[in-house]
Amino acid sequence: MPRIPRGRRVVAAGFLLPALLLLGALVVYPIGYSVRRSLFDRSDSSFVGLDNYLALVTDESLRTAVRNNLIWLVVAPAVATALGLVFAVLTERVRWGTAFKLVVFMPMAISMLAAGIIFRLVYEQDPDRGVANAVWVGVHDTFAESSGFPRARPLPAHPLEAAGGGAYVTKEPVRAGAPVLLPLVGVAPGQMPRDARPAHAPTATDTGTGTDTVTGTAWLDFTRGGGGKPNVVDPEELGLKGLRIEAVRDGKVVATATAAADGRFTLPADRADGAVLRLPASNFREQYNGVEWLGPSLVTPAVIGAYVWMWAGFAMVLIGAGLAAVPRELLEAARVDGANEWQVFRRITVPLLAPVLVVVLVTLMINVLKVFDLVFVIAPGSAQDDANVLALQLYRSSFGTDADLGVGSAIAVVLLLLVLPVMVVNIRRIRRETRR
C-alpha cells in the first residue's frame, strides 16, 4: 500500500475536522452523557449504578414496553417485507403494475403523525365512523342476523313479563278470536324500520266469529310529543315490523309468526290456542358493534397494522429494484425444466433476492426500534400502557409528569445497544458486497 504524503494527510484531516466536530457534538457527546446520566438517580446527585437498568425488568410498565418492542421487532419487519415481496412479484405480471406500485407507495409520503390520526379514525369503535368496524360489522351481519329492536322492553303495566334470558312472554294464555296486544317501548323512533306503518288497531272483524287463528298486534307504544295511552294503539304509533313471535306450550315452540309492517301477526289456532306467546331474546339483543381494535388486547396488532400500511410500499420498491436485476434466463430455464411458478418463486427468485431482502429487513428492524409517533397518536389513553414501547416510555420517563431522567437515559442506552448489532450486521454485509 503506497504511503500517503504528510501534506495530503494534513489536508484530508482539515477537510474531515468540521465533520468530526459536528459528529462529536451531535452524536458522541449525547451518547456519552446518556450513559453517564443513566448511572445516577432522578436528581443527578447520587450514583445508583445499574439500578435504572434493573427498573426495566422490575417495573411493570417498562416490562410491557420491552415485551411490545420484541413483538414489533419480530412481526412488523417480517410482515412488511413479505408483503413488499408479494407486491413486487405480482405487479410484474399485470399491465397496471406501475399504478398499483404508486398507490401502495403513497403512504410513505404521509408523516407518522398524519398516519396515526388517520388510523385513529379507522379504528374508531363506532361502526358509523370507523372504517374497520364498518367492514367488520357488515361482514358479521351478512352471516348472522342482527337484532331488530335492541333495548325494547314492556312497561310494568303491559301484558308482558320477563321470561329470563332477555325474552318476554304474555302473562296469560292467548285464545282464538281474542286479539293479542303486544306493546313495547324503548325503541328510538329513528331506529324503527323505514317501511313500518301505523299500527293496526283491533277492530270488530278481528274479534268476530273466526276461531281458526290467533291474531294480534305488536307495536311501539309511544307517541311523539306525548298524549298516547298505554296498552292502546294510538293513531301515530308504528308497528314493530319483523318482530318474531313464538307460541309456546309445555316449554316447546308450537308455532311462530313475524309481525307485518303494521304490527299484525297471525298464528294457527289449532296450535296456538291456549299457549303463551313469547318474544324471543333474539329480538332484543344489542346490535353487534364490531371489535374493540384499540382495546388492551388488540391495540398493539392494530398499531402494527398501521405501520405495515406505511412501510410495505418502501419494501416493495426496494425489492422491485432487486427483482429487475434478476437474470430472466434463470427463471425461464427453471420453467423449461418443468418447475411450476411456486417452485420458481421459492427456489430461484427468493434466493437471488436474499441480499435485498436482508437490506429491507434490517432497515425496518432499525426503524421499528424507534417507533413512537404511531403508538402515541393511535393508542388512546386507556390503552396506552398496553401499547407501550421503549421509545414511548423514553418520552414518558424523560418528559412526563413523573419524569426520571436516569431511567429515561437508561432506556436510550438500551435502544442504542439493541440497534448496534443490527447495524454491525448491515455494515459487514455492505463490506462483503463491496469486495465482490
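Please treat every number below as a calculation from the coordinates, not as lab data. Small disclaimer: the values here were computed from a predicted structure and weren't measured. For neighbour counting, all protein chains shown are included, and Cβ atoms are generated from backbone atoms with ideal geometry for every residue, glycine included.
Amide H contacts of residue 155 (H built 1.01 Å from N, in plane; Pro and chain starts excluded): 185 sit under 5 Å, all sequence-distant by 5 or more or on other chains. Here the Karplus relation 6.51 cos²θ - 1.76 cosθ + 1.60, evaluated at θ = phi - 60°, turns the backbone of the range 428-435 into coupling constants of 4, 5, 5, 5, 4, 5, 5, 5 Hz, with x for every Gly and Pro. Report, to one decimal in Å, the Kirkwood hydrodynamic radius for the chain based on all distinct Cα pairs. The Cα-based Kirkwood calculation yields 28.5 Å. With neighbour counts taken as other beta-carbon atoms within 10 Å, the residues 319, 117 rank, fewest first, as 117, 319. Residues in the range 84-89 carry Karplus couplings, in order, of x, 5, 4, 4, 5, 6 Hz; the curve used is 6.51 cos²θ - 1.76 cosθ + 1.60 with θ = phi - 60°, and Gly or Pro positions show x.
An oblate overall shape is assigned to the range 46-194, the ratio a/c of its alpha-carbon gyration tensor axes (a ≥ b ≥ c) being 1.5 or greater and a/b not exceeding b/c. Across 288, 29, 168, mean-square fluctuation computed from a Gaussian network of the chain (C-alpha pairs under 10 Å connected) peaks at 29.
Based on the alpha-carbon gyration tensor of the range 39-82 and its eigenvalue square roots a ≥ b ≥ c, which shape applies: rounded if a/c is under 1.5, prolate if not and a/b is larger than b/c, or oblate? Here the range 39-82 falls in the prolate category. Taking the centroid of alpha carbons for each part, the range 1-46 and the range 274-321 are 49 Å apart. Here's how it looks for residue 238: its modeled amide H is under 5 Å from those of 199, 220, 222, which are all 5 or more places away or on a different chain.
Taking Lys and Arg as +1 and Asp and Glu as -1, the other residues whose beta-carbon sits under 13 Å from that of residue 293 total -2. Close amide H contacts of residue 264 (hydrogens built in the peptide plane, cut-off under 5 Å, sequence separation of 5 or more or a different chain): 200, 218. Using θ = phi - 60° in the Karplus curve 6.51 cos²θ - 1.76 cosθ + 1.60, the 3J(HN,Hα) couplings for the range 67-80 round to 4, 5, 5, 5, 4, 4, 5, 8, 8, 4, x, 5, 5, 4 Hz; x is entered for Gly and Pro.
Listed by chain and number, the lysines placed with their C-alpha closer than 21 angstrom to that of residue 252 are 171; residues fewer than eight positions away on the same chain are left out. Overall shape of the range 278-436 was characterised from the C-alpha gyration tensor. The equivalent ellipsoid obtained from it has semi-axes of 41, 31, 10 Å, in decreasing order. Simple spin-label estimate for residue 36 and residue 350 gives 5.0 nm between the two label positions (7 Å along the Cα-to-Cβ direction from each Cα). By its C-alpha gyration tensor, with a ≥ b ≥ c as the square roots of the eigenvalues, how is the range 160-283 shaped: rounded for a/c under 1.5, else prolate for a/b larger than b/c, else oblate? It is oblate, given that a/c is not under 1.5 and a/b is not larger than b/c. Just going by the charge dipole of the range 160-283, with Lys and Arg at +1 and Asp and Glu at -1 on Cβ, which of 191, 174, 255 is farthest out on the positive end? Highest projection toward the positive end goes to 191. Among 124, 60, 341, a tally of other beta-carbon atoms within 10 Å of each Cβ gives an order, fewest to most, of 60, 341, 124.
With the simple model of a label 7 Å out from the Cα in the direction of the Cβ, residue 6 to residue 135 spans 7.0 nm.
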